[in-house]
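Q: Structure below; questions to follow.
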Amino acid sequence: MAEAGTATVYLQTVTLLGLLLGGVSADKLYGRTKAARSWLVCLGLFLAAPCMHLIANAESLSFTKLAAVRLGIGSGVFMANIVVSAFEVVPSDTRASAVGGLNLIGAFVSGFAALLGGMSKGTLGIHGLMTYGAVACLGAAVLLAMGIRIYFQKDCDRVH
């Protein structure tokens, strides 16, 4: 049990590194494209998705820790850029509402994920729940990538 608890240490420590890496990378890549922050949000989701599955389905504690490290990097890169990326396509006079909306969605999703997870744990198990979470994360990354390709430039030009 004590060894399993150390897995969260890996996740939290590497999430901190992912936050720093995501912020620095966004600032450096912004000069190349204003969509850099949005693409990093997408990258964070793509990095995190398979790890969500692997954390619950790994065959060893070492592999679980490795998956937690990659999940931490991906989630850190995502978190470092999610709010600031919205500022590229949201007018300055409505940015507080945009941040409030993002926080509302985050609270809503995390609250219902816990509820639905608890309700489904008996039928799907942790393995199934983590796999469904990974699929949802991957789906969000694909939809975001499509949105960036289709709408970003027009929305960015409108705002700036």
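The values are calculated or read from the model by the stated rules, or taken from the named source; none is laboratory data. Just so we're clear, the structure is a prediction, and the values are computed from it rather than from any experiment. With ideal geometry, Cβ positions are generated from the backbone for all residues, glycine too; neighbour counts draw on all protein chains shown.
Q: Show the residue pairs meeting these rules: Cβ distance below 9 Å; 6+ apart or different chains; first residue within region 144-158 and part of a helix (DSSP H, G or I) and polar (S, T, N, Q); second residue surrounded by 14 or more Cβ atoms within 10 Å (Cβ to Cβ) and modelled with pLDDT of 95 or more.
A: GLN153/LYS34; GLN153/ALA35
Q: Does region 22-37 include one or more residues that are among the hydrophobic types (A, V, I, L, M, F, W, C), in contact with a His (Cβ under 7 Å, 6 or more places away or on another chain) and either under 28 Å from GLY147 (Cα atoms) or at pLDDT below 95 (or both)?
A: Checking region 22-37: not a single residue is among the hydrophobic types (A, V, I, L, M, F, W, C), in contact with a His (Cβ under 7 Å, 6 or more places away or on another chain) and either under 28 Å from GLY147 (Cα atoms) or at pLDDT below 95 (or both).
Q: Something else: Quick one: which residue in SER60, SER25, SER38 is surrounded by fewer than 17 Cβ atoms within 10 Å (Cβ to Cβ) and of a type in the set (Ser, Thr, Tyr)?
A: Exactly one of SER60, SER25, SER38 is surrounded by fewer than 17 Cβ atoms within 10 Å (Cβ to Cβ) and of a type in the set (Ser, Thr, Tyr), namely SER60.
Q: Please count how many residues of region 50-85 are free of Cβ contacts under 8 Å to residues at least 24 places away in the same chain and within 30 Å of SER97 (Cβ to Cβ).
A: Qualifying residue count for the region: 1.
Q: Here's a follow-up. Cβ-Cβ under 7 Å, sequence separation 6+ or interchain: first residue in region 31-47 and charged (D, E, K, R), partner in a helix (DSSP H, G or I) and modelled with pLDDT of 95 or more. Which pairs?
A: Here the result reads LYS34/CYS156; ARG37/ALA26; ARG37/ASN81; ARG37/VAL84; ARG37/SER85, each pair linking region 31-47 to a residue that is in a helix (DSSP H, G or I) and modelled with pLDDT of 95 or more.
Q: Would you say GLY101 is of a type outside the set (Ser, Thr, Tyr) and either farther than 20 Å from VAL14 by Cα or surrounded by fewer than 18 Cβ atoms within 10 Å (Cβ to Cβ) (or both)?
A: yes
Q: Residues in region 104-128 that are within 22 Å of CYS42 (Cα to Cα) and touching a residue at least 12 places away in the same chain (Cβ under 8 Å): how many?
A: Going through region 104-128 one residue at a time, the tally reaches 1.
Q: Might you let me know whether region 46-57 holds any residue that is under 30 Å from CYS156 (Cβ atoms), part of a helix (DSSP H, G or I), of a type in the set (Gly, Ala, Ser) and in contact with a Lys or Arg (Cβ under 6 Å, 6 or more places away or on another chain)?
A: no
Q: Quick check on my filter: what residues within region 26-60 are farther than 24 Å from GLY139 by Cβ and small (Gly, Ala, Ser)?
A: GLY31, SER60
Q: Tell me which residues, restricted to region 58-86, are polar (S, T, N, Q), over 30 Å from CYS156 (Cα atoms) and in a helix (DSSP H, G or I).
A: SER62, THR64, listed by residue number.
One line per residue, one yes/no per condition, for (1) within 16 Å of the chain's Cα centre (by Cα); (2) at pLDDT 95 or above:
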site: ASP93; (1), (2): no, yes
site: GLY100; (1), (2): no, yes
site: VAL109; (1), (2): yes, no
site: ALA114; (1), (2): no, no
site: LEU124; (1), (2): no, no
site: LEU129; (1), (2): no, no
site: LEU138; (1), (2): yes, yes
site: LYS154; (1), (2): no, yes
